[in-house]
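S.K.: Below is the structure I would like to discuss, written out as structure tokens.
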Amino acid sequence: MQFQQLQYFVAVAETRHFTRAADLVHVAQPSLSQQIKALERELGADLFRRARGNITLTDAGEALLPLARRILADADTARHEVQELVQLRRGRVRLGATPSVCTGLLPEVLRAFHDRYPGIRLLIEEGGSHDLVRELARGALDLALVVLPLPTPSPALTTVELLREDLVVVSSPDAPRPGAGRRTVRVADLESERLVMFRHGYDLRELTVAACRAEGFEPEFAVEGGEMDAVLGFVRAGLGVAVVPRMVATRSGRGLRVTPLARPGLHRTIALAHRSDVAPPRAARELQRMLLEH
């Protein structure tokens with residue numbers, strides 16, 4: 001089995017078209033078809049069902065596709081690792097993070113990293129922890145900042161706790177103070193509030209809804225489906241209140257009233273994750289060190 005054959009196989013699987021796949025990998029279509037057939041002979045199974053104008057994966061092709069993608073991603077990582085110069089004057093780091101972490105924790109660390117290693121490209125992907133874990137597992141990310149506990153614990157990942165952060169309630173200064181004007185808000189007080197809620201898959205959404213249900217009520221949403229910036233904007237406009245990390249509230253506090261949650265409150269743990277079976281590239285390890293020291 002040749003590396004090039006796997007490249008061609010993935011290209012056909014993603015485009016579902018031999019000619020477009022050949023254009024994608026810059027090879028003549030007959031050569032690509034011959035290599036696919038050679039791969040099928042070696043594996044002893046057809047990878048595609050070929051009908052005129054309709055290319056679909058067989059069961060064998062479906063089984064091979066995630067493995068081939070991981071092999072190609074690992075090879076790409078190895079290539080970049082070798083190409084990096086000793087002084088880290090070039091290279092890249094693919095970092096995933098939840099949107100709230102991008103807003104609160106990352107800017108200062110990334111600025112310090114960029115000042116020290118200006119030749120290293122930083123590729124940032126925002127997403128929920130579930131999506132980031134999946135991207136790590138398939139080799140599309142070097143590191144990810146995720147919220148613990150992971151939605152689907154994976155023994156293939158190594159996680160190191162980075163910080164434990166309090167959550168607070170933010171509201172518009174023009175709206176009545178939540179919690180009947182007290183200096184702190186209980187989770188139970190949110191039953192009488194309309195919440196501005198994040199989209200599905202957002203870690204803060206799951207945490208907030210679970211906390212409300214633990215108090216015996218289903219939260220009422222004034223508006224839902226936003227990312228962090230949108231949620232803060234809706235709160236500033238007086239549409240409702242939101243539960244956000246203290247770090248985000250502090251950095252984005254202009255036009256917001258910040259009220260702590262009463263003890264025991266709500267918290268979240270941010271961890272730095274990477275694959276256990278593959279060491280992160282050197283530039284990623286340096287960013288990892290700076291994040292852990294921050």
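The values are calculated or read from the model by the stated rules, or taken from the named source; none is laboratory data. Bear in mind the structure is a predicted one, so any value in this text is a computation, not a measurement. Ideal geometry is used to build each Cβ from the backbone, glycine not excepted, and the neighbour counts take in all protein chains shown. Heavy atoms of the whole protein, side chains included, go into the accessibility calculation; ligands, DNA and RNA do not. Shrake-Rupley method; radii C 1.70, N 1.55, O 1.52, S 1.80 Å.
S.K.: Would you confirm, using the coordinates I've provided, whether residue 49 is modelled with pLDDT of 90 or more, over 20 Å from residue 137 (Cβ atoms) and assigned to a strand (DSSP E or B)?
M.R.: Criteria met by residue 49.
S.K.: Still on this structure: Can you find, within region 105-125, the residue that is nearest to residue 269 (Cα to Cα) among those that are modelled with pLDDT under 90 and buried (at least 16 other Cβ atoms within 10 Å of the Cβ)?
M.R.: Residue satisfying both the conditions and the ranking: 105.
S.K.: Kindly provide the set of residues from region 17-33 that are out of contact with any Phe, Trp or Tyr (no Cβ under 9 Å at 6 or more places or on another chain) and either touching a residue at least 60 places away in the same chain (Cβ under 8 Å) or closer than 14 Å to residue 4 by Cα (or both), ordered by number.
M.R.: Passing the criteria: 24, 26, 28.
S.K.: While we're on this one: Pick out the one residue from 286, 220 that is modelled with pLDDT of 90 or more and touching a strand residue (DSSP E or B) at 6+ places or on another chain (Cβ under 7 Å).
M.R.: None of the others qualify; the one that does is 220.
S.K.: Closer than 19 Å to residue 290 by Cβ and part of a strand (DSSP E or B): is that true of residue 108 in this structure?
M.R.: no
S.K.: Hey, can you tell me all the residues within region 141-162 that are open to solvent by 20 Å² or more (accessible area, probe 1.4 Å), in contact with a strand residue (DSSP E or B) (Cβ under 7 Å, 6 or more places away or on another chain) and part of a loop (DSSP other than H, G, I, E, B)?
M.R.: 156
S.K.: Still on this structure, I have one more. Hey, can you tell me all the residues within region 56-100 that are β-branched (Val, Ile, Thr) and either modelled with pLDDT of 90 or more or under 16 Å from residue 143 (Cα atoms) (or both)?
M.R.: 56, 58, 71, 77, 93, 98
S.K.: What number of residues within region 173-196 satisfy the criterion of being open to solvent by 60 Å² or more (accessible area, probe 1.4 Å), outside any helix (DSSP H, G or I) and not acidic (Asp, Glu)?
M.R.: Residues in region 173-196 being open to solvent by 60 Å² or more (accessible area, probe 1.4 Å), outside any helix (DSSP H, G or I) and not acidic (Asp, Glu): 8 in total.
S.K.: Determine whether region 76-85 contains at least one residue that is over 28 Å from residue 271 (Cα atoms), surrounded by fewer than 16 Cβ atoms within 10 Å (Cβ to Cβ) and touching a Ser or Thr at 6+ places or on another chain (Cβ under 8 Å).
M.R.: No, the conditions are met nowhere in region 76-85.
S.K.: Between a residue in region 80-93 that is under 13 Å from residue 286 (Cβ atoms) and any residue that is at pLDDT below 70, which pairs come within a Cβ distance under 6 Å, given they are 6 or more apart or on different chains?
M.R.: Every condition considered, the pairs that remain are 91/84.
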